[in-house]
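Working notes for the structure below.
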Amino acid sequence: MPCVLNFLRGAGVALLFLMTSCSTEIEAETQPEARGELWVRGIRVTSSFDLHKDGTYVSSVNCDICPKNEQAGTWRRNGGRLVLSEAGGLVEHVFVEVKYRGCNGLVPEKKVPDLSKLFPTDIYFRWHDECPRGL
């Protein structure tokens, strides 16, 4: 009888371990920020970049009728700037951290001089940030 109890205890621990690992994978799929940071711009036609914790990123443009458009590479922060380097290393996209109507956002470096003329849909905001939802 003790043998059966030990077997059941071991099976229970194994089942608990499997359930925990599966829930972690599902969380990473359903909650993108569990992998790193997700920044999104736009309403109907959106663009986003997913900054992974390992220093890589994937950026994409999403719309109903557009062909799939994804780019990947590495990212780094440099002062108040975020630098995305495409996989080939030839192209770098530089974003500047800004306060837009009280919310933290990112803007392409070349658009910073026109910040007062930009709409909320021109600014990248963190996916789960509540602040820009009221803009």
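We did not get these values from a lab; they are worked out from the coordinates using the rules stated. Remember, predicted model here, so these are calculated numbers, not experimental data. Here Cβ is always computed from backbone atoms with ideal geometry, including for glycine, and neighbour counts include all displayed protein chains.
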- Query: So what's the convex hull volume per residue for the Cα atoms of the stretch 33-134, in Å³?
  - Reply: 116
- Item | Summed side-chain charge close to residue 108 - residues other than residue 108 whose Cβ falls under 11 Å, Lys, Arg +1, Asp, Glu -1 | +1
- Could you line up 65, 123, 43 from fewest to most neighbouring Cβ atoms inside 10 Å? 65, 43, 123
- Message: For residue 103, what residues show an amide H to amide H distance below 5 Å, using hydrogens built from the backbone and excluding near sequence neighbours?
- Response: none
- P(r), alpha carbons of the stretch 51-110 - 5 Å bins starting at zero, rounded %: 4, 17, 21, 23, 18, 12, 4, 0
- Message: Between residue 94 and residue 109, what is 0.36 nm times their sequence separation minus the Cα-Cα distance? Round to one decimal in nm.
- Response: 4.8 nm
- Item | Listed residues 57, 69, 80: farthest to the positive end of the dipole of the stretch 33-134 (Cβ charges) | 80
